[in-house]
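One structure is given below, encoded as structure tokens.
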Amino acid sequence: MTPAALILGAGGLGCPAALALAAAGITRLGVVDDDRVEASNLHRQVLFGDADVGELKVVAFARALARRYPGLAVEMHPVRFDAGNALELVAGYGVIVDGTDNFATRFLANDAAVLARRPLVHGAAVGLHGQLLTVPAGGHPCYRCLFEELPPAGVGPSCADAGVLGPVPGVIGALQGVEAARILEGETPAFVGRLVQYDSQAMSFRTVRYNPNPLCAVCGPGARIRALLPANYPAGDCAPL
């Protein structure tokens, strides 16, 4: 099967990640998003313009990429990524790029990727800051090794309250795309066991190293998460960085 990446979220992270993957020579992408383009998206979602407002994001996303890279196959999944479809979706791709914007979906993406033994490149951006890390196939370590459990609803600023400086997700998304391309090409991923934090105000990167957590609920020796239960992934606010 052709090496392919699944991008979760056709937004501020997913758009630059897709461009980076296509520029690296990856010829097959999947994209999952059930949302439509809004005018407020345009400052950070670089594949969209005014003419796309109101269009399904996956359709506008595929159309914009086709103009730049005619040989790129984009598989559109205009659905919400949830516990009912997550395993099936991730199983069809060689690497998962997490461009989602809330805690619950990030934990779901991690758990689905670990259970399906697919590597995952996580990214997040809010305000002036961004972060990324890579979860190898099967975890050890994974996103839960570091963050452990889904926080209560309302923890941290919401996206609407905090906003995001447009170029910040561009930086993080591009790095996600490069990392995903490395994985698909058989190279050693750069961000395993490393939480990389980007501060656009100081123009600095900081790396926090972390190890596999023996008590991790999904990739530890006594893992209790063996299936994806909808009740474990309620909708939440955007993650603070």
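Only the coordinates and a few stated rules stand behind these numbers; no lab work does. Since the model is a prediction, treat every value here as computed from it, not as a measurement. Methodologically, a virtual Cβ is constructed for each residue, glycine included, from the backbone with ideal geometry; neighbour enumeration extends over all protein chains shown.
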Here the net charge surrounding GLY12, from other residues whose Cβ is less than 14 Å away from its Cβ (Lys, Arg +1; Asp, Glu -1), is -3
Evaluate E = 1/(1 + (r/R0)^6) for LEU215 and VAL192, where r is the Cβ-Cβ distance and R0 equals 22 Å; express this FRET efficiency to the nearest 0.05. 0.70
All other residues with a Cβ under 14 Å from the Cβ of ALA24 taken together, and with Lys, Arg as +1 and Asp, Glu as -1, what is their net charge? 0
What net charge is computed for the residues neighbouring GLY92, neighbours being all others with C-beta under 15 Å from the C-beta of GLY92, Lys and Arg scored +1, Asp and Glu -1? +1
What number results when the radius of gyration of segment 39-158, computed over Cα atoms, is divided by 2.2 N^0.38 Å? 1.16
Square roots of five times the C-alpha gyration tensor eigenvalues of the chain, ordered largest first and given in whole Å, equal 25, 20, 18
Listed highest first by mean packing, meaning other Cβ atoms within 10 Å per residue, what order do 98-105, 23-30 come in? 98-105, 23-30
Ordered by packing density, taken as the mean number of other Cβ atoms within 10 Å over each peptide's residues, highest first, how do 178-187, 198-207, 126-135 rank? 126-135, 178-187, 198-207
Under the Karplus relation with 6.51, -1.76 and 1.60 and θ = phi - 60°, whole-Hz ³J(HN,Hα) for segment 104-112, x at Gly and Pro, equal 4, 6, 5, 5, 4, 4, 4, 5, 5
Based on DSSP H runs of at least 4 residues, each adding -39500 (n - 2.57), what is the mean residue ellipticity at 222 nm of the chain after dividing by all its residues, to the nearest 500 deg cm²/dmol? -8500 deg cm²/dmol
